[in-house]
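Quick notes on the structure that follows.
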Amino acid sequence: MSVGRLPAARTGRSSSAGTARRLLAAVAVLAAVAAAWMTVSPAGAATGAVGVETVIDGRPATEATELHPMRLDPRRPITLELRVTNGGAVPVEVATVRLQGQVIALTFFAYDTSVGVVVPPGGIETRTFVIDLIGLGGQATGLIEGSVAILDGERRSLASQAFVVDVRGSLWSVYGAFGLAVAILTLVSLAGALVALASSQLPDNRWRRGLRFLTPGLGLGLVVVFTLSAVRAFVPRAGRWAPILLVSGVVLFALGYLTPSPDDEDDEDDEDDEDDEDDEGDEGDEGRARHDAGADDPSGTTPQAGSGGTTASPPARGGS
């Protein structure tokens with residue numbers, strides 16, 4: 001019976017030999033995706049010689065950091081002072097000023113104000129206006145990377161200034177609801193993958209098993225990012241949320257990739273059945289051997305317990 005199991009052992013060794021290469025390839029793919037996200041220029045980056053400086057409620061935006069963010073309270077408006085410089089040779093028209101906040105390249109709040117300012121070549125223009133943050137409490141909450149951008153008449157970004165904002169919104173805002181929905185979907189996806197693993201219903205292909213666990217892994221990373229942002233633990237910049245998603249995705253993908261396949265479990269069951277059949281066959285051979293030994297005894301006598309011999313018949317008496 002050992003001869004029948006040798007091919008399976010060779011197959012197991014050959015399949016495990018490529019495990020490291022496949023995992024490295026998966027890590028490389030996910031790392032490339034994360035690097036692409038991290039190297040994308042932020043929306044509204046400065047273009048040409050146009051620059052913008054922002055002061056909110058008397059505080060320069062350059063002073064708004066993670067430790068001392070710019071506080072945005074939905075219950076009161078803000079006063080925004082805008083200073084636009086044009087170092088080019090042609091006039092620049094600023095049609096709109098946009099205050100916005102983004103997380104993972106998703107915009108969760110944005111307020112546009114029309115200004116209609118024309119900045120001459122080499123000139124500087126300053127404008128001050130009030131922005132009413134109506135509805136901000138239902139849009140976002142926590143530490144978010146905000147920015148003020150100036151747009152031209154075709155809604156193209158001319159320049160922007162980024163800073164950290166602390167939105168005093170509600171946990172039941174769009175931002176909080178989005179994080180809660182991601183958490184629920186992640187739990188459902190992870191539970192489904194674990195149930196499939198326990199019931200041996202995962203695909204035979206290791207890559208497909210890894211992808212089955214990759215989805216809850218990425219979801220887990222998103223939950224961590226949104227939770228830390230909502231509780232004001234950190235600002236979810238690209239240099240932070242991308243590694244979190246990368247690590248959580250790779251870890252769960254590796255766990256799914258290394259899970260035992262249904263074929264491996266079936267092979268173990270088959271081996272157990274073969275061992276049971278071998279034991280039954282050996283017992284049957286012993287029984288037949290004992291039967292054959294009894295059939296070959298020519299005396300036909302039956303040993304008596306305790307005597308070790310045979311019982312002789314009494315001599316017959318002759319008639320008178």
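Sort out which residues of the range 74-91 are out of contact with any Ser or Thr (no Cβ under 9 Å at 6 or more places or on another chain) and under 19 Å from Thr128 (Cβ atoms), and write them in order of number. Break it down into steps so the answer makes sense when it comes.
Taking the range 74-91 first, the residues out of contact with any Ser or Thr (no Cβ under 9 Å at 6 or more places or on another chain) are 75-78, 85-91.
Arg76, Pro77, Ile78, Thr85, Asn86 - these are the residues of the range 74-91 that are out of contact with any Ser or Thr (no Cβ under 9 Å at 6 or more places or on another chain) and under 19 Å from Thr128 (Cβ atoms).
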Please work out which one of (1) modelled with pLDDT under 95; (2) in a strand (DSSP E or B) is the condition Leu99 fails and give its number. (1)
Is the range 187-205 home to any residue that is in contact with a helix residue (DSSP H, G or I) (Cβ under 6 Å, 6 or more places away or on another chain), open to solvent by less than 20 Å² (accessible area, probe 1.4 Å) and among the hydroxyl-bearing types (Ser, Thr, Tyr)? no
Filtering the range 102-134 for residues that are in a loop (DSSP other than H, G, I, E, B) and either open to solvent by 40 Å² or more (accessible area, probe 1.4 Å) or out of contact with any strand residue (DSSP E or B) (no Cβ under 8 Å at 6 or more places or on another chain) (or both) leaves a count of 7
Could you grab the pairs with beta carbons closer than 7 Å, sequence gap of 6+ or different chains, first residue in the range 118-135 and over 18 Å from Thr85 (Cβ atoms), second one assigned to a loop (DSSP other than H, G, I, E, B) and open to solvent by less than 50 Å² (accessible area, probe 1.4 Å)? Leu133/Pro74
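Quick check, is Phe178 surrounded by fewer than 20 Cβ atoms within 10 Å (Cβ to Cβ) and either outside any helix (DSSP H, G or I) or among the basic types (Lys, Arg) (or both)? Can you show your working first?
Details: surrounded by fewer than 20 Cβ atoms within 10 Å (Cβ to Cβ): yes; either outside any helix (DSSP H, G or I) or among the basic types (Lys, Arg) (or both): no.
For Phe178, the condition - surrounded by fewer than 20 Cβ atoms within 10 Å (Cβ to Cβ) and either outside any helix (DSSP H, G or I) or among the basic types (Lys, Arg) (or both) - is not met.
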Here is a list of conditions, (1) open to solvent by 80 Å² or more (accessible area, probe 1.4 Å); (2) part of a helix (DSSP H, G or I), and Leu171 meets all of them except one; can you say which number that is? (2)
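For Val182, state whether it is in contact with a strand residue (DSSP E or B) (Cβ under 9 Å, 6 or more places away or on another chain) and in contact (Cβ under 8 Å) with a residue 24 or more places away in the chain.
On the way: in contact with a strand residue (DSSP E or B) (Cβ under 9 Å, 6 or more places away or on another chain): no; in contact (Cβ under 8 Å) with a residue 24 or more places away in the chain: yes.
Against the criterion (in contact with a strand residue (DSSP E or B) (Cβ under 9 Å, 6 or more places away or on another chain) and in contact (Cβ under 8 Å) with a residue 24 or more places away in the chain), Val182 does not qualify.
Anything in the range 206-233 that is more than 20 Å from Ala254 (Cβ to Cβ) and open to solvent by less than 50 Å² (accessible area, probe 1.4 Å)? List them, or say none. Full working, then the answer.
Step one: of the range 206-233, the residues more than 20 Å from Ala254 (Cβ to Cβ) are 225-233.
Once the filter is applied, which keeps residues that are more than 20 Å from Ala254 (Cβ to Cβ) and open to solvent by less than 50 Å² (accessible area, probe 1.4 Å), the range 206-233 yields Val225, Phe226, Ser229, Ala230.
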Can you pull out the residues in the range 85-109 that are among the charged types (D, E, K, R) and under 37 Å from the mean Cα position of the chain (by Cα)? Arg98
Of everything in the range 135-154, what is out of contact with any Ser or Thr (no Cβ under 9 Å at 6 or more places or on another chain) and in a strand (DSSP E or B)? Give them in sequence order. Glu145, Gly146
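The values are calculated or read from the model by the stated rules, or taken from the named source; none is laboratory data. Note that the structure is a prediction, hence the values are computed from the model and not measured. A quick note on method: Cβ atoms are made from the backbone with ideal geometry, for glycine too, and the neighbour counts reach across all protein chains shown. Note: accessible area is taken over every heavy atom of the protein model, side chains too, but ligands, DNA and RNA are not part of it. Shrake-Rupley method; radii C 1.70, N 1.55, O 1.52, S 1.80 Å.
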